[in-house]
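Colleague: Quick one: this structure, given as structure tokens, is what I'll be asking you about.
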Amino acid sequence: MGDVLVSLAAILVSVFVLAVVTDKFFIPSLDEISARLRLSDEVAGASLMATGSSAPELAIALMALFTAGGAHSDVGIGTIVGSAVFNILVITGLSAVVAGGLHIHIFAVGRDIVYYLISILYLALVFFDGHISLIEAILGLVGYVVYMGVLIVWKYLPEDEDDEAADQDEAAAAPAPEKIAGWHHLEALVELGLRRITGAPERNFAWAFAVSIALIVALSYILVESSIVFSAGIGIPPVIVALTLLAAGTSAPDLMASVEVAREGRGGMAVANAVGSNTFDLLVGLALPWTIALSLLGMSGINVGTGELWTSIGILVATTLILAVFLTSKRELSRREGWVLLLLYAVFVIYTLVNGTAV
């Protein structure tokens, strides 16, 4: 029982510190790097900023793959798949509930949803035989490069009139704050301690970037090891802990940011944050660790146990289609529809836990 409590405490503390490191140091340093490189908003958003917001999931996938010779690679996969389910159901659902409904950019959201469904199809194809090759891994990275190209080209396409009006409304909204003020004094205390090491990340961006990377890797290692101990202590597979606890924890900062912008009337941004983050997670968050492992370690392939994950992939497709129907019906996500999405996530968690306990 002691190991369970200690590992659970380690998970919660690590998730909290990881969120602070990512939000207050890693992303600001990436933002400064993007400005120095003079990257366009589309390229910066789809590359550096996407990496920043998805850094916890990406690092956990890497640590899980290199821990115990890859025996726990399912922890990384489960975290990313579970995070994708959380983003679609909880981030969009809670944003709609809190804001009383979300008005969205139908063409931009439609673009992101279609490409996200393509990324789910990629995931299903590479999981089909339970064996991942180097070509399959590289294919995911190529797919994301294509997505970045789509975003760049899309910028020059004519917008729908309703989308232009929504853009004007969002531009008139108040500037986005630094996520929901819910971390309070603990966040400030952790940030103050880290600033003594890094200095201001906007000024010492190279050093802040390096320190952030080191901390994210270390904390992700702790999360992987703690989830293995915790799952063994309560008698369920580690992938179940990854699908639920780790996935929700690593997605918490994105949830707070999306809810806040939804409160300000920027519903399109809240939905785009959830769907776009998922595309990066599936195409880069999984494919990059696989590519590194297969190219550097000389492995012929990576075997993955996907028994519990197939259900989650089916849920990803089903919930994305449900979200698409909700969004395209009246170009908005109503509060009632938001409650439906939250209810679906509760069902997902209960089913995952019950099914995992029975394994």
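Colleague: Among 232-242, 115-125, 344-354, how do they line up by average Cβ neighbours within 10 Å per residue, starting with the highest?
Modeller: 232-242, 115-125, 344-354
Colleague: Right, another one. Can you compute the FRET efficiency between Val325 and Val153 using 1/(1 + (r/R0)^6), with r the Cβ-Cβ distance and R0 = 41 Å? Round to the nearest 0.05.
Modeller: 0.95
Colleague: What FRET efficiency do you get for Trp207 and Val6 if R0 is 35 Å and r is their Cβ-Cβ distance, rounded to the nearest 0.05?
Modeller: 0.60
Colleague: Next question. What is the distance, in nm, between label points placed 7 Å from the Cα along the Cα-to-Cβ direction at Val145 and at Arg195?
Modeller: 4.0 nm
Colleague: Something else: Let me check I've understood the local charge: for Asn87, count other residues with C-beta under 14 angstrom from its C-beta, Lys and Arg +1, Asp and Glu -1. What total comes out?
Modeller: For residues surrounding Asn87, the net value is -4.
Colleague: While we're here: At 0.890 mPa s and 25 °C, plugging the Kirkwood radius over alpha-carbon pairs of segment 216-262 into Stokes-Einstein gives what diffusion coefficient in µm²/s?
Modeller: Rounded to a whole number, D works out at 210 µm²/s.
Colleague: How much net charge surrounds Asn278 when only other residues with a Cβ under 13 Å from its Cβ are counted (Lys, Arg +1; Asp, Glu -1)?
Modeller: Result for the neighbourhood of Asn278: -4.
Bear in mind that the values in this text are calculations on the coordinates, not laboratory data. None of the values given here were measured: they were computed from a predicted structure. Please note: Cβ atoms are built from the backbone with ideal geometry, for glycine as well, and neighbour counts cover all protein chains shown.
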